[in-house]
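Working notes, structure below.
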Amino acid sequence: GDTSCVGCGQCIAACPTGALYEKSNIDDVLAAIADETKHVVVQPAPSVRAALGEEFGYPMGTDVEGKMAAALRRIGFDKVFDTNFSADLTIMEEGSELLSRILKGTGPLPQFTSCCPAWVKYMENFHPDKTAHLSSAKSPIGMQGAVIKTYFAHKKHIDPEKIISVAVTPCTAKKAEIAREELCDAGKLLNIEEMRDNDYVITTKELVQWC
């Protein structure tokens, strides 16, 4: 039903009794990895490599990118992507859109970022009259999921229907984001109904529990 919740996950972080928790997708991803017919790929968000090490005794903020990538391969992922790549795509898309709004008047100013699904949901819930100010660009994981199932699949001659795309993110809001109705562009392009740009999201906390 209708709710004012924006899915930011702060209730989980602040719950004093531990009664609130995110829905884990670890078992779903493990099942996909165990399925030899699937090509399971993963993309960690930039912040994950700076937060993951702290849970294993490293000083706060230590970059454990190499260890993280190695661990993900040991877990069984067939390919490890970096969401930094699609963050650059987002910068280009949002930057181009901003220039168009400024120079050609194609949209209202100021232009707001659309990278955070909790922020987008907040705008939709509480300021629906201002949503035109949001950039039309997808978030980085949204872009990368679609690129993986189209460009990557084509270059590597992999059936996109066999690809399971997983994102590792710092927050639970991304779990809701990938389920949004509009985030299925790869399927639309390939005429494959029910295909999602991304299939699962696991949080940094889930990855810590997994490792």
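Any residue that is among the charged types (D, E, K, R), in contact with a Ser or Thr (Cβ under 6 Å, 6 or more places away or on another chain), touching a residue at least 24 places away in the same chain (Cβ under 8 Å) and under 27 Å from Ser24 (Cα atoms) - is there at least one of those in the stretch 175-190?
No, there is no match, as no residue in the stretch 175-190 is among the charged types (D, E, K, R), in contact with a Ser or Thr (Cβ under 6 Å, 6 or more places away or on another chain), touching a residue at least 24 places away in the same chain (Cβ under 8 Å) and under 27 Å from Ser24 (Cα atoms).
Give all pairs with beta carbons closer than 9 Å in which a residue from the stretch 73-102 that is within 13 Å of Gln144 (Cβ to Cβ) meets a residue that is part of a helix (DSSP H, G or I) and of a type in the set (Phe, Trp, Tyr); count only pairs at least 6 apart in sequence or on separate chains.
Lys79/Phe152; Phe81/Phe152
Would you check if there is a residue in the stretch 2-21 being open to solvent by 70 Å² or more (accessible area, probe 1.4 Å), touching a strand residue (DSSP E or B) at 6+ places or on another chain (Cβ under 8 Å), over 30 Å from His133 (Cβ atoms) and not polar (S, T, N, Q)?
No, the stretch 2-21 has no match at all.
Say whether the condition of being over 30 Å from Thr3 (Cβ atoms), of a type outside the set (Ser, Thr, Tyr), open to solvent by 20 Å² or more (accessible area, probe 1.4 Å) and modelled with pLDDT of 95 or more is met by at least one residue in the stretch 108-130.
Yes; the residues of the stretch 108-130 include at least one that is over 30 Å from Thr3 (Cβ atoms), of a type outside the set (Ser, Thr, Tyr), open to solvent by 20 Å² or more (accessible area, probe 1.4 Å) and modelled with pLDDT of 95 or more.
Do we have any residue at all in the stretch 146-165 that's among the polar types (S, T, N, Q), in contact with an Asp or Glu (Cβ under 6 Å, 6 or more places away or on another chain) and within 23 Å of Gly9 (Cβ to Cβ)?
Yes, the stretch 146-165 contains a residue that is among the polar types (S, T, N, Q), in contact with an Asp or Glu (Cβ under 6 Å, 6 or more places away or on another chain) and within 23 Å of Gly9 (Cβ to Cβ).
Which residues, taken from the stretch 153-177, are under 18 Å from Leu189 (Cα atoms) and either in contact with a helix residue (DSSP H, G or I) (Cβ under 9 Å, 6 or more places away or on another chain) or open to solvent by less than 10 Å² (accessible area, probe 1.4 Å) (or both)?
Once the filter is applied, which keeps residues that are under 18 Å from Leu189 (Cα atoms) and either in contact with a helix residue (DSSP H, G or I) (Cβ under 9 Å, 6 or more places away or on another chain) or open to solvent by less than 10 Å² (accessible area, probe 1.4 Å) (or both), the stretch 153-177 yields Ala153, His154, Ile158, Asp159, Pro160, Glu161, Lys162, Ile163, Ile164, Ser165.
Regarding Gly187, is this residue open to solvent by less than 20 Å² (accessible area, probe 1.4 Å), among the small types (Gly, Ala, Ser) and within 15 Å of the chain's Cα centre (by Cα)?
Judged against the criteria, Gly187 is not a match.
Quickly run through the stretch 106-153 and pick out the residues that are in a loop (DSSP other than H, G, I, E, B) and free of Cβ contacts under 8 Å to residues at least 24 places away in the same chain.
Result: Thr106, Pro110, Thr113, His127.
From the list Gly76, Gly95, pick out the single residue that is open to solvent by less than 40 Å² (accessible area, probe 1.4 Å) and within 22 Å of Pro140 (Cβ to Cβ).
Going through Gly76, Gly95 in turn, just one is open to solvent by less than 40 Å² (accessible area, probe 1.4 Å) and within 22 Å of Pro140 (Cβ to Cβ): Gly95.
Please tell me if Gly66 is open to solvent by less than 70 Å² (accessible area, probe 1.4 Å) and in contact (Cβ under 8 Å) with a residue 12 or more places away in the chain.
For Gly66, the condition - open to solvent by less than 70 Å² (accessible area, probe 1.4 Å) and in contact (Cβ under 8 Å) with a residue 12 or more places away in the chain - is not met.
At least 2 residues that are within 18 Å of the chain's Cα centre (by Cα) and either at pLDDT 90 or above or of a type outside the set (Ser, Thr, Tyr) (or both) in each: list the helices (runs of 4 or more DSSP H) lying fully within the stretch 1-71 that qualify.
26-34, 48-51
Checking Arg180 against (1) surrounded by fewer than 22 Cβ atoms within 10 Å (Cβ to Cβ); (2) modelled with pLDDT of 95 or more; (3) closer than 29 Å to Val208 by Cα, which single condition isn't satisfied?
So Arg180 meets the others, but not (2).
The values are calculated or read from the model by the stated rules, or taken from the named source; none is laboratory data. Note that the structure is predicted; figures quoted are calculated from it, not measured. Please note: Cβ atoms are built from the backbone with ideal geometry, for glycine as well, and neighbour counts cover all protein chains shown. All accessible areas refer to the heavy atoms of the entire protein, side chains included, with ligands and DNA or RNA removed. Shrake-Rupley method; radii C 1.70, N 1.55, O 1.52, S 1.80 Å.
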